[in-house]
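The structure appears below as structure tokens.
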Amino acid sequence: MTRRIRELLDRGFAAASALGEEIQHRVSSGDFEWAKLLGEELARRAAGGGEDASEPAFLLDRLQTALATTAGQQSLRVLMCLPSSLEAEGPARTRAERRVAQRVALGHRPADIVPVVYGGQPGCAPSDEFKACLLQELVLEGVAVPEYALLRSFGGALVTEEHPLAPLPLHLLPAERALLRPAHAPHDWTWALPPAAVAKHCDRPELRVSPQMRRRSAAVDPVETTVPEVAEAMGAAVRHWTEESNGTVAAQEFWSASPVAPDDFAAVFERLPLTAWPTGQTRPRLHPATSDRVLQVLLTTAVRSPAYGSGMFGAYGRLAAWRSLGGLVGAAPDAPISHTAMLVEQAHWFIADPSSDWFQHVAWDLAVAALRPGGQEIAVLTATDTD
């Protein structure tokens with residue numbers, strides 16, 4: 001069997017498509033021994049070096065996808081024996097582990113995942129980083145993680161080791177309620193929002209600025225108080241837009257001696273000196289938003305790929321979304337997420353239409369604003385990207 005696999009691989013990239021189809025057929029029919037041998041041969045060739053790695057990488061991805069979408073402990077065991085990436089270290093391996101963790105959470109039952117991945121079964125052992133990502137992917141899938149002793153134990157170990165994902169709770173918070181699958185949702189339901197204009201990201205009517213609103217808020221005179229560290233935190237969910245693509249981000253803070261009434265926020269917002277709406281540009285249409293909708297927008301942004309590069313996937317996407325929320329509500333950098341979540345629920349949220357020429361108007365535009373608890377502080381995050 002191994003010789004047959006080697007013969008197929010030796011045919012070159014022209015045969016890769018046909019072999020990719022055979023992978024799907026073999027795995028779906030339960031031929032996991034063949035899949036295991038193919039994975040071993042791909043890893044052997046990659047370790048040997050000296051040849052184009054694009055074909056083995058393509059086939060490894062097809063093999064991972066087939067095994068990740070074929071439920072059951074046998075397929076999962078084989079998947080755990082595969083390398084997550086043909087690169088031993090570096091960003092490519094990091095992205096691969098996060099991608100595979102997301103696929104496993106989507107394609108396998110917790111009852112199979114827990115013993116195979118976290119149960120210390122003999123055979124190939126997944127890395128702690130993979131298991132940490134998978135743990136958070138399960139949370140995002142609505143799995144009752146605390147009900148599984150092995151998952152609770154591993155989550156506790158992450159806290160002890162001060163792993164980057166350790167601050168994330170092992171359950172969904174109130175502001176994450178939009179991530180819960182509705183009882184009668186279709187099979188392809190997802191909490192991720194499509195790349196679209198503000199009309200599809202808002203489920204509330206546009207706020208119309210009236211003369212009365214302008215009159216009531218006339219005494220409000222916001223001044224910009226942006227702190228670089230807070231601006232960086234606010235932009236965490238769109239960091240990959242700037243690091244991997246052509247993105248531009250503007251994160252701004254404002255303070256007013258007179259508190260802003262939530263009902264008059266739109267009248268104050270149109271007067272703010274916003275980078276994304278330079279002087280002379282038409283003011284944006286503004287929509288009130290719930291905290292869970294804003295989190296949904298930020299998490300979708302973090303998880304989705306920018307024009308170039310890759311997304312953060314679920315685990316680190318969730319971490320980035322909460323870091324952005326913390327910056328937007330003015331939480332201390334070391335504040336526990338439970339405290340940030342409380343401030344998020346107390347703040348008033350808005351989503352703006354990316355209407356100015358500052359935005360690229362392709363598929364990557366973002367504009368959210370927060371009126372922080374107390375009404376004296378405003379935070380605005382805008383971002384755009386293009387290919």
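The values are calculated or read from the model by the stated rules, or taken from the named source; none is laboratory data. A quick note: this is a predicted structure, and the numbers were derived from the prediction, not measured. All Cβ positions, glycine included, derive from the backbone under ideal geometry; neighbour counts span all protein chains shown. In case anyone asks, the SASA skips ligands and DNA or RNA and just uses the protein heavy atoms, side chains included. Shrake-Rupley method; radii C 1.70, N 1.55, O 1.52, S 1.80 Å.
Observations
- Of the candidates R177, R215, R152, R204, the single residue that is in contact (Cβ under 8 Å) with a residue 40 or more places away in the chain, assigned to a helix (DSSP H, G or I) and of a type in the set (K, R) is R177.
- In the range 86-93, the condition of being closer than 17 Å to E40 by Cβ and open to solvent by less than 10 Å² (accessible area, probe 1.4 Å) is met by no residue.
- For the range 181-202, the condition holds for no residue, the condition being that it is in contact with a Gly (Cβ under 7 Å, 6 or more places away or on another chain) and either open to solvent by less than 30 Å² (accessible area, probe 1.4 Å) or polar (S, T, N, Q) (or both).
- Count - residues of the range 304-354 that are part of a loop (DSSP other than H, G, I, E, B), buried (at least 19 other Cβ atoms within 10 Å of the Cβ) and in contact with a strand residue (DSSP E or B) (Cβ under 9 Å, 6 or more places away or on another chain): 6
- Close pairs (8 angstrom Cβ cut-off, 6 or more residues apart or separate chains): at positive phi in the range 368-379, not small (G, A, S) anywhere: G374/P259; G375/P259; G375/V260; G375/P262
Let's see how each residue does on (1) modelled with pLDDT under 90; (2) surrounded by 15 or more Cβ atoms within 10 Å (Cβ to Cβ); (3) on the phi < 0 side of the Ramachandran plot:
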position: L60; (1), (2), (3): yes, yes, yes
position: L63; (1), (2), (3): no, yes, yes
position: R99; (1), (2), (3): no, yes, yes
position: R103; (1), (2), (3): no, yes, yes
position: R109; (1), (2), (3): no, no, yes
position: V117; (1), (2), (3): no, yes, yes
position: P122; (1), (2), (3): yes, no, yes
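- When the range 355-371 is filtered for residues that are under 23 Å from E176 (Cα atoms), open to solvent by 10 Å² or more (accessible area, probe 1.4 Å) and of a type outside the set (F, W, Y), only D365 remains.
- Residue, farthest from R208 (Cα to Cα), within the range 241-273, restricted to residues that are buried (at least 21 other Cβ atoms within 10 Å of the Cβ) and either among the aliphatic types (A, V, I, L, M) or touching a Gly at 6+ places or on another chain (Cβ under 6 Å) (or both): W241
- Residue within the range 227-248 that is part of a strand (DSSP E or B) and either among the hydrophobic types (A, V, I, L, M, F, W, C) or within 13 Å of L381 (Cβ to Cβ) (or both) present: yes
- Here R208 fulfils each of the conditions (1) at pLDDT 90 or above; (2) within 30 Å of E176 (Cα to Cα) apart from (1).
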